[in-house]
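Colleague: Below you will find the structure I want to go over with you.
The values are calculated or read from the model by the stated rules, or taken from the named source; none is laboratory data. In this text, all values refer to a predicted model and were calculated from it rather than measured experimentally. As a convention, Cβ positions derive from the backbone with ideal geometry for all residues, glycine included, and neighbour counts pool all protein chains shown. Note: accessible area is taken over every heavy atom of the protein model, side chains too, but ligands, DNA and RNA are not part of it. Shrake-Rupley method; radii C 1.70, N 1.55, O 1.52, S 1.80 Å.
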Amino acid sequence: MPYLVVTLAVIISRVALGWMGVRFSFAFDWMWLSDQADLRDRLLETLFFTHSFPPGMNLLTGILLKVDSTRVVAMASWVFAALGLVTINSLLYVFRAAGLSTTVAAGLSLAFSLIPQSIYFENLYLYEMPSTALLLLSTALFHNAVKRQSFRAWFAFFSVCLAIGVTRSTFHFIWFCAMAGFGAWVSRPGARRVLLSALLPGLLLFGLYAKNYMMFGEFALDTFGPSNFHLATLRTLPVDVRDAWMAEGALSKFASTDVYSPPRAYLPFFGTSENRHWPPQLTRLEQPSSGAPNFNHWYFLDIHRARRVDVLHFLRRRTRDYVTNIFSALTDMFSPTTEWHPRSGTAQSPHDQHHQVLGAYVDTYNLTHRFPIAPVGPYLFLPPVWAWGVWRGCSWLRRNDADARARGALMFVCLFQIFYVVAASTMLTFFEESRYRYQIEAMIWVVTALCVQTLWQARPSWAGLKRATAAVGLASGGR
């Protein structure tokens, strides 16, 4: 019943937002998208030769184009609306499983559905909403699997983990193995069942890594990783130092070219775009259908490898600067999510239309980031809340009660995802971290809500205060 009520409330809110003028933002010129004609007519071939970015969103886009290329925007909006419902219902499940009452869980879930970033990402064709919905769904499925301890429940969990892994490069194969290892540990003596259920999804995910290794020489889901790391290192290097390093041959010839430069900017380095070893998907400088730069060009195979060497040189020579960059990225990580895009506040922002409708509400909501310290606001208290979660989770896991152990396992999954995403997003890239935070925003809410509930339950009652006051008064009178 609570799921039905929450679902209806979210649908009504979305209808109201549509009536107010909020529109779904869809574009084919995102750098992670392949050419639409290739996705529609040669989907499997295009996915096979995709190397720069994870294939998940290209797969979704290709399916939508094949179903009806004339209504792809409408269908994408429906998919994202459904993902929004998955997000909120999964969050409601997690809140209740963690120990909150149904009323409080439903209220917080609805509140989460109405925060500006939820509305923004639900109406933007970007991988943020799919990865968030899948991560929350996997968290709910993990708790369910720990309680039921059935092969089917664990297989459902790992299947969603596979979907996450092919959608977002943050969730590396190492993350998948960590999920399998933790699931096996909390399921003793049924660890074998957990590992067997992870086998097929794990092999499929591993197969994508192996394919990229055999085809492109990179054991990774995407090859753009070194360029992301370049943002966290050399992007902040003073120009005179960078040029001096390039002059001495310590950096590659690509070091002075911006990471987001299109392949045409690298044409002088290579002389030609042609390459008989690769199909058209990797040799075009621009996408034929949209004219957008082709960031899946074969140039980037060499460029990303060169940038990896550049990054390693920076880490050896400027380790202290890298640590400073991490702390700077942490500040950005917990700044307002609605301002993640470099062109926020301009007509070039992907959320420009959304802000035109909801600007006053968004600006008011973002005031919360000013106290106690701008721009992180209440996220300043996340470290002690996270540490409390570790203590509380340990206390639940030590119990013999199955429900308590499942609750402890759920707590640690949330804590791990928070730590993992924050660490990966601040150590391996730079810029747009506040967007990455949305993936684990709901889990921050879960841990914080449990901490607040514990503090509230530990407060002295009014009756207790009166008795204590009376006792102090009597003692004072007696003296």
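Colleague: If amide hydrogens are placed 1.01 Å from N in the peptide plane, which non-local residues have theirs closer than 5 Å to the one on GLU286?
Modeller: ASN294
Colleague: Considering only the other residues whose Cβ falls under 12 Å of the Cβ of THR132, what net charge follows from Lys and Arg at +1 and Asp and Glu at -1?
Modeller: Charge balance in the 12 Å sphere: 0.
Colleague: Below 11 angstrom from the Cβ of PHE430, what's the summed charge of the other residues (Lys, Arg +1; Asp, Glu -1)?
Modeller: -2
Colleague: Can you give me the angle between helix 72-98 and the longest principal axis of the chain, using Cα atoms only, in degrees from 0 to 90, rounded to the nearest 10?
Modeller: Its long axis makes an angle of about 30 degrees.
Colleague: Is the C-alpha gyration tensor of the stretch 359-461 telling us rounded, prolate or oblate? Criteria: a/c under 1.5 is rounded; beyond that, a/b larger than b/c is prolate, otherwise oblate.
Modeller: Oblate.
Colleague: Would you mind classifying the stretch 297-356 by shape? Square roots of the alpha carbon gyration tensor eigenvalues, ordered a ≥ b ≥ c; an a/c under 1.5 is rounded, otherwise it is prolate if a/b is larger than b/c and oblate if not.
Modeller: It is oblate, given that a/c is not under 1.5 and a/b is not larger than b/c.
Colleague: In cubic angstrom, how much convex hull volume per residue do the alpha carbon atoms of the stretch 1-132 span?
Modeller: For the stretch 1-132, the hull spanned by Cα atoms encloses 123 Å³ per residue.
Colleague: Which shape class applies to the stretch 83-217: rounded if a/c is under 1.5, otherwise prolate when a/b exceeds b/c and oblate if not, where a ≥ b ≥ c are the square roots of the Cα gyration tensor eigenvalues?
Modeller: It comes out oblate by the Cα gyration axes.
Colleague: With everything on Cα atoms, drop me the angle between helix 299-317 and the longest principal axis of the chain, reported from 0 to 90° to the nearest 10.
Modeller: Value to nearest ten degrees: 60.
Colleague: Using a 1.4 angstrom probe, figure out how much accessible area the chain has per residue, in square angstrom, rounded to the nearest whole.
Modeller: 46 Å²
Colleague: Sticking with this structure for a sec: Work out from phi, with θ = phi - 60° and the Karplus expression 6.51 cos²θ - 1.76 cosθ + 1.60, the ³J(HN,Hα) of each residue of the stretch 375-380, listed in order in whole Hz, and give x for Gly and Pro.
Modeller: 3J(HN,Hα) across the stretch 375-380, in whole Hz: x, 7, x, x, 5, 4.
Colleague: Now for a separate question. Report, to the nearest whole %, how much of the accessible area of the stretch 167-240 belongs to carbon and sulfur atoms, 1.4 Å probe, protein only.
Modeller: Heavy-atom surface of the stretch 167-240 belonging to carbon and sulfur, 1.4 Å probe: 70 percent.
Colleague: Roughly how many percent of the accessible protein surface of the stretch 40-86 is carbon and sulfur, given a 1.4 Å probe and a whole-percent answer?
Modeller: 69 percent
Colleague: Using Cα atoms only, what is the angle between the long axis of helix 352-365 and the major principal axis of the chain, expressed in degrees (0 to 90) to the nearest 10?
Modeller: 30 degrees
Colleague: On a 1.4 Å probe surface of the protein chains, which of ARG317, ARG307, ARG192 comes out largest in accessible area, and what is the full order?
Modeller: Solvent-accessible surface, decreasing: ARG192, ARG317, ARG307.
Colleague: Which aspartates and glutamates, if any, have their Cα less than 15 Å from the Cα of LYS211, not counting same-chain residues under 8 positions apart?
Modeller: GLU45, ASP222
Colleague: May I ask you to derive the relative contact order of the chain, considering only C-alpha pairs under 8 Å and at least 6 residues apart, and to give it as an integer percent?
Modeller: Result for the chain is 18 percent.
Colleague: Between the stretch 233-280 and the stretch 39-108, what is the C-alpha centre distance in whole Å?
Modeller: 35 Å
Colleague: Enumerate the amide H contacts of LEU124 below 5 Å, restricted to partners 5 or more residues apart or on another chain; note that Pro and chain-start residues carry no placed amide H.
Modeller: SER25
Colleague: Please list TRP396, TRP445, TRP185 in order of solvent-accessible area, largest first, computed with a 1.4 Å probe with all protein chains present.
Modeller: The most accessible residue leads, giving TRP185, TRP445, TRP396.
Colleague: The chain: Rg/Rh from Cα coordinates, Kirkwood Rh?
Modeller: With Rg and the Kirkwood Rh in hand, the quotient comes to 1.01.
Colleague: Determine the order of ILE63, ILE174 by accessible area, beginning with the largest, at a probe radius of 1.4 Å.
Modeller: ILE174, ILE63
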